[in-house]
Amino acid sequence: MANRTVKDAHSIHGTNPQYLVEKIIRTRIYESKYWKEECFGLTAELVVDKAMELRFVGGVYGGNIKPTPFLCLTLKMLQIQPEKDIIVEFIKNEDFKYVRMLGALYMRLTGTAIDCYKYLEPLYNDYRKIKSQNRNGEFELMHVDEFIDELLHSERVCDIILPRLQKRYVLEEAEQLEPRVSALEEDMDDVESSEEEEEEDEKLERVPSPDHRRRSYRDLDKPRRSPTLRYRRSRSRSPRRSGGLTSLFNSPSPRRERHRSKSPRRHRSRSRDRRHRSRSKSPGHHRSHRHRSHSKSPERMVAFDNG
């Protein structure tokens, strides 16, 4: 019949490959229109064409539990059981992301733990967006790396219960699997190595060359005159400067001496005028002057009285 597994198919996890999908969902797939029209008589080569037509991922949706085309093709691949090389090519396909998702789900259902980690973990570097249909029939946006993470860590994906997967650290301790190095760690290592190289280049630039050192040694060997020696020699050579700054401020300029020597009378007349002005301005000074004049000349007082 159309729903039977291929005769040459091998048992997976000790059971029929189609039995990895629950019976209720399996019967709903057999009764769906897409299974009867699109999945009838498909072979491993023709499944690729149908996978390229996929536009979203998902399990079942709606109140009647309708299966998505993605789930129908998954069951069809379990039925015909294609070779492992074909599934690996599905996963390595970078042009059609839903073909890659279909191959990843089939590898997670049928492959060993080592194969799952080996072929699915590189897909963590795929950040393309994909559409996913939930139980209500609504579409949600997710990324390829999120879908791969669900395959490796969740118990149910697309309404299919996933087989138990052995922990990674157990395989690493048994030396069956190498430690995983993420792309982010590789980028960080590259950044750190580039920074270290820049620091080494800066250190090499700071270190002087041997020619520069020789020149510096020659400059150091040359005798240098200290500022104190220059100051002493200047004192011995120029006795006029022995006075320093005080002699410059205290010694009068030659122009002033000439001016004083030429016109002493003018300075005297100016000083007299200043004294006269100051006397005329101060009233106390006038009073004292009158008192002094009266006290100094008593003869004038007598003459005034007689007159």
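Residue-level check: of (1) open to solvent by 40 Å² or more (accessible area, probe 1.4 Å); (2) closer than 28 Å to residue 57 by Cα; (3) among the acidic types (Asp, Glu), residue 178 misses just (2).
When you scan segment 31-39, do you find a residue that is touching a Cys at 6+ places or on another chain (Cβ under 9 Å), open to solvent by less than 80 Å² (accessible area, probe 1.4 Å), at pLDDT below 95 and of a type in the set (D, E, K, R), even just one? Outline the logic, then answer.
Residues of segment 31-39 that are touching a Cys at 6+ places or on another chain (Cβ under 9 Å), as a first pass: 32, 34-35, 38-39.
Still in the running and open to solvent by less than 80 Å² (accessible area, probe 1.4 Å): 32, 34-35, 38-39.
If we keep only those that are at pLDDT below 95 too, we end up with 32, 34-35, 38-39.
Pick out the ones that are also of a type in the set (D, E, K, R) and you get 38.
Scanning segment 31-39, I find at least one residue that is touching a Cys at 6+ places or on another chain (Cβ under 9 Å), open to solvent by less than 80 Å² (accessible area, probe 1.4 Å), at pLDDT below 95 and of a type in the set (D, E, K, R), so the answer is yes.
Among the criteria (1) open to solvent by less than 20 Å² (accessible area, probe 1.4 Å); (2) of a type outside the set (Phe, Trp, Tyr); (3) free of Cβ contacts under 8 Å to residues at least 60 places away in the same chain, the one residue 109 does not fulfil is (3). Of the residues 125, 64, the single one that is exposed (fewer than 14 other Cβ atoms within 10 Å of the Cβ) and in contact with a helix residue (DSSP H, G or I) (Cβ under 6 Å, 6 or more places away or on another chain) is 125. If you check residue 96 against the conditions, is it of a type outside the set (Lys, Arg), out of contact with any strand residue (DSSP E or B) (no Cβ under 9 Å at 6 or more places or on another chain) and in contact (Cβ under 8 Å) with a residue 40 or more places away in the chain? Criteria met by residue 96. Against the list (1) over 25 Å from residue 164 (Cα atoms); (2) not in a helix (DSSP H, G or I), the condition residue 10 fails is (1).
The values are calculated or read from the model by the stated rules, or taken from the named source; none is laboratory data. What you see is a predicted model, and the numbers here were worked out from it, not measured in a lab. With ideal geometry, Cβ positions are generated from the backbone for all residues, glycine too; neighbour counts draw on all protein chains shown. When the accessible area is computed, the model is the full protein with side chains, heavy atoms only, and any ligands, DNA or RNA have been set aside. Shrake-Rupley method; radii C 1.70, N 1.55, O 1.52, S 1.80 Å.
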